[in-house]
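Please read the structure below before turning to the comments.
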Amino acid sequence: MAVKLTYHPNLYLGDSINAEKLDKIKRKLENKPLLAGVFVIALSGNPEDQLEFYASKQLAQSYYKKNPPFVVGLAGSYDEAMRTVERLTQDCLKARGDCALKEYLLCGT
């Protein structure tokens, strides 16, 4: 099952994600999400939320084939995803003076 994902041009990567293997990770996410073994950080489809993150296995659900997420980050574990979102939030706060993460991320596309 192939999911056509859209990636932020300046993808936030957790410490365990090797940037040199990023293309391979993206291919796995799109073609074999059950085997990718990463956490996806994406813009939330819910207007009341800003971001969501979940295990890549979740992309195997048919919902994501019709509603592919806009991926803004990848992490190796739940805790690493939390730290990556914290870093993203700090960057947003430093750049904008607020925590409007969706607006901050979409300005960079």
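Which of the three applies to the range 52-103, rounded, prolate or oblate, going by the alpha-carbon gyration tensor with a ≥ b ≥ c and a/c under 1.5 meaning rounded?
It comes out oblate by the Cα gyration axes.
If you roll a 1.4 angstrom probe over the protein chains with everything in place, what fraction of the accessible area of the range 38-109 belongs to carbon and sulfur, to the nearest %?
After summing per-atom areas, the C and S share lands at 50 percent.
Each residue of the range 88-104 in turn: what ³J(HN,Hα) in whole Hz from Karplus with 6.51, -1.76, 1.60 and θ = phi - 60°, glycine and Pro shown as x?
4, 5, 5, 5, 5, 4, 5, 7, 10, x, 9, 10, 7, 4, 4, 5, 4
Residue by residue through the range 70-87, which ³J(HN,Hα) values in whole Hz follow from phi under the Karplus form 6.51 cos²θ - 1.76 cosθ + 1.60 (θ = phi - 60°), with glycine and proline marked x?
Each residue's phi maps through the Karplus curve to give 8, 7, 10, x, 9, 9, x, 8, 4, 4, 5, 4, 4, 5, 5, 5, 4, 5 Hz.
For the chain, how big is the tail of P(r) above 19 Å, as a whole percent of Cα pairs?
40
Taking only DSSP H segments of four or more residues, each worth -39500 (n - 2.57), what value at 222 nm results for the chain once the sum is divided by all its residues, to the nearest 500 deg cm²/dmol?
Calculated at 222 nm, the ellipticity per residue is -11500 deg cm²/dmol.
Given a cut-off of 18 Å, what percent of all Cα-Cα pairs of the range 1-62 lie beyond it?
Cα-Cα pairs in the range 1-62 separated by more than 18 Å: 34 percent.
The range 4-109: which trypsin sites (Lys or Arg not before Pro) are DSSP loop and have at most 12 other beta-carbon atoms within 10 angstrom?
Passing sites in the range 4-109 are Lys4.
Can you sort Thr6, Thr84, Thr89 by solvent-accessible area, 1.4 Å probe, largest first?
Result, largest first: Thr6, Thr89, Thr84.
If one takes the longest principal axis of the Cα atoms in the chain, at what angle in degrees, from 0 to 90 and to the nearest 10, does the Cα axis of helix 22-31 lie?
It is inclined by approximately 60 degrees.
Once you place label points 7 Å from the Cα toward the Cβ at Lys65 and Asp23, how far apart are they in nm?
For Lys65 paired with Asp23, the spin-label model returns 2.7 nm.
So, for the chain, what is the accessible surface per residue at a probe of 1.4 Å, expressed in square angstrom?
Value for the chain: 60 Å² per residue.
Taking H placed 1.01 Å from N in the peptide plane, check which residues at least 5 places from Leu74 or on another chain put their amide H under 5 Å from its amide H.
Here Tyr12, Leu13, Gly14, Ile41 satisfy the definition.
Give the ranking of Asp23, Asp98 by solvent-accessible surface, highest area first, calculated with a 1.4 Å probe.
The most accessible residue leads, giving Asp23, Asp98.
The values are calculated or read from the model by the stated rules, or taken from the named source; none is laboratory data. These numbers were taken from a predicted model, which means no experiment stands behind them. With ideal geometry, Cβ positions are generated from the backbone for all residues, glycine too; neighbour counts draw on all protein chains shown. Protein only, heavy atoms only, side chains kept; ligands, DNA and RNA dropped before computing areas. Shrake-Rupley method; radii C 1.70, N 1.55, O 1.52, S 1.80 Å.
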